[in-house]
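The values are calculated or read from the model by the stated rules, or taken from the named source; none is laboratory data. This is a predicted model, so every value here is computed, not measured. Note that we place each Cβ from the backbone using ideal geometry, even for glycine, and neighbour counts take in every protein chain shown. Quick note on the areas: whole protein, heavy atoms, side chains included, nothing else; ligands and nucleic acids left out. Shrake-Rupley method; radii C 1.70, N 1.55, O 1.52, S 1.80 Å.
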Amino acid sequence: SPNSITLTYDLLKWAIPTLKKFPRDQRFLLGDRIENHILDVLELLVHANYSRDKLGYLRKANLKIELLRFLWRLSLDLKYLNTRRYEFVSKKLNDIGRLVGGWIKQQKAKNEKIR
């Protein structure tokens, strides 16, 4: 849904300055990985929005969202992120994940009707 695209864009806008605060060595490893995964999710959701076959893009986006949950948790455990920021990003990822999950269900139902 376009809503999940907006939320992902907002997450990226928030994450970029947040990731800049990571220790220098981790900024390039973990920080870049997180930023790239968020960009990938955004790209996949835009593709899904304009594609006839949305399900493939949505499933890939869903997997990336799950990976992001682990990467952000690792950032918290390594103390690169405080609890408040972690709770914020977790809520955003849950919101995005819920919307993408709903979009997947909707597409599956549509595919069932076609058959």
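Below is a table of values for the structure above.
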item: Set 7, 12: member being hydrophobic (A, V, I, L, M, F, W, C) and closer than 17 Å to residue 98 by Cα; result: 7
item: Index of the failed condition, residue 86 passing every other in (1) over 20 Å from residue 4 (Cα atoms); (2) assigned to a helix (DSSP H, G or I); (3) of a type in the set (Phe, Trp, Tyr); result: (1)
item: Lone qualifier among 34, 38 - being under 19 Å from residue 1 (Cα atoms), modelled with pLDDT of 95 or more, among the β-branched types (Val, Ile, Thr) and open to solvent by less than 70 Å² (accessible area, probe 1.4 Å); result: 38
item: Pair list, Cβ < 7 Å and 6+ apart or interchain, from region 1-14 residues that are open to solvent by 30 Å² or more (accessible area, probe 1.4 Å) to residues that are of a type in the set (D, E, K, R); result: 7/92; 7/95
item: One residue from 79, 60 being assigned to a helix (DSSP H, G or I) and either at positive phi or open to solvent by 40 Å² or more (accessible area, probe 1.4 Å) (or both); result: 60
item: Leading residue by the ranking (least open to solvent (accessible area, probe 1.4 Å)) among those in region 82-97 that are within 19 Å of residue 9 (Cα to Cα) and among the polar types (S, T, N, Q); result: 90
